[in-house]
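Below you'll find the structure, written out as structure tokens, and then a few comments.
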Amino acid sequence: MKLWVEIHPIVLETPLSPRTMSNQTPVTEFILQGFSEHPEYHVLLFSCFLSLYSVALTGNILIILAITFNPGLHTPMYFFLFNLATMDIICTSSIMPKALEGLMSEESSISYGGCMAQLCFLTWSASSELLLLTVMAYDRYAAICHPLHYSTTMSKAFCSKLATGVWVLCAFNTAIHTGLMLRLNFCGPNVITHFFCEVPPLLLLSCSSTYVNSIMIVLADVFYGILNFLMTIVSYSFIISSILKMRTAEGKKKAFSTCSSHLIVVCMYYTAVFYAYISPVSSYSAEKSKLAGVLYTMLSPTLNPLIYTLRNKEVRAALRKLFSFSRN
């Protein structure tokens, strides 16, 4: 769930009367505008997006396999990384096939049901990732600030409850927003100014009141965006404070290395989200939203496994074992 309130403010519009709506044809499919304003770059964009999608799928699947088949990685940090990789696969797979199809055709259409399904999976994975990044920040806080109690604090049962809570809570949130979207009437126009189905442009196309949708979006934004971001900042404030109090340079370096990968991912993800959605309504730009969409639905899932792999000796060792086992 992203910070959408700035894009689509609460509008106290009056819904169309039944007679007016009866004279309009309900929308059965939407047209994804995609990158139609730059047709000369379609081949280049297709190549780039296909490469990103391939790397994202391969990298995240390898991380899942490495963690699954290596007992040494059955720790809280890698358990949450396993969940993050799963969310990345869902996120990018809900977007990329249709985006690639749109780049190779003159007009990209998506059925009403397909649009709602895409919206559902994207909202579920994106909100889950925001919440999981906060949980991972707490895990690093427990490991660095309270190392003697870490094994008892982050027990296997507690970690399972945290992960299950993330998936269930975000599924419930997604069900609410998808259900509210399904109750809206779409009478035309049906052109979505994006390369995937997203809440803000869909609300702008509705010919019925979106007041309730806007209220729920504000509540979700406060929790998933602002509150989670603040909790992550607080966790890392304590982490940095603890690292600075360490006496040896070696201890500081080791402590920082355990959270540096996660910190990079957090900064990258929130930068993309804030770039797109923290801005005045008057300055909203579809182009900017598309660019940010590329960052958090394609680039972030692609870079996450690379960041964790390149900066983590244990994951690299697990991947080497996995490849050597497959060759045998």
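Derivation of every value follows stated rules applied to the coordinates shown; laboratory data play no part. All values derive from a computational prediction rather than experimental measurement. Cβ coordinates were reconstructed from backbone atoms using ideal geometry, including for glycine residues, and neighbour counts include every protein chain displayed.
Structural remarks
- Listed residues 59, 242, 179: farthest to the positive end of the dipole of segment 38-320 (Cβ charges): 242
- Three-way shape label, segment 153-232, alpha-carbon gyration tensor, a/c 1.5: prolate
- Cross-link reach list, aspartates and glutamates versus residue 98, counting only Cα pairs under 17 Å and skipping chain neighbours closer than eight places: 29, 88, 106, 107, 198
- Folded to 0 to 90 degrees: helix 156-182 orientation relative to the chain principal axis, Cα: 10
- Counted charge near residue 107, where neighbours are those whose Cβ lies closer than 15 Å (Asp, Glu -1; Lys, Arg +1): -3
- Averaging the sequence gap over all C-alpha pairs within less than 8 Å and six or more residues apart, then dividing by the number of residues, gives segment 38-320 a relative contact order of 28 percent.
- Here's the list of aspartates and glutamates a cross-link from residue 313 could span, going by alpha-carbon distance under 20 Å and ignoring same-chain residues fewer than 8 apart: 139, 250.
- 0 to 90° range, to nearest 10: angle between helix 211-220 axis and the chain longest Cα axis: 10
- Spatially, segment 39-77 and segment 196-270 are offset by 22 Å when compared through their Cα centroids.
- Amide H to amide H distances under 5 Å link residue 191 with 31, where only residues 5 or more positions off or on other chains count and H is placed in the peptide plane.
- Net +/- balance of residues flanking residue 66 in space, Cβ distance below 12 Å, scoring K and R +1, D and E -1: +2
- Crossing angle, helix 249-277 versus the chain [Cα axis fit, 0-90 degrees, rounded to tens]: 0
- Listed by chain and number, the aspartates and glutamates whose alpha-carbon sits under 15 Å from that of residue 254, ignoring those within fewer than 8 places in the same chain, are 314.
- When each of 156/321; 161/288; 161/321; 156/245; 252/321; 253/321 is checked by Cα-Cα distance, pairs over 32 Å: 161/288
- For the chain, 48, 91, 120, 145, 159, 170, 259, 267 have no disulfide-compatible partner, since no other Cys C-beta lies under 4.7 Å from theirs.
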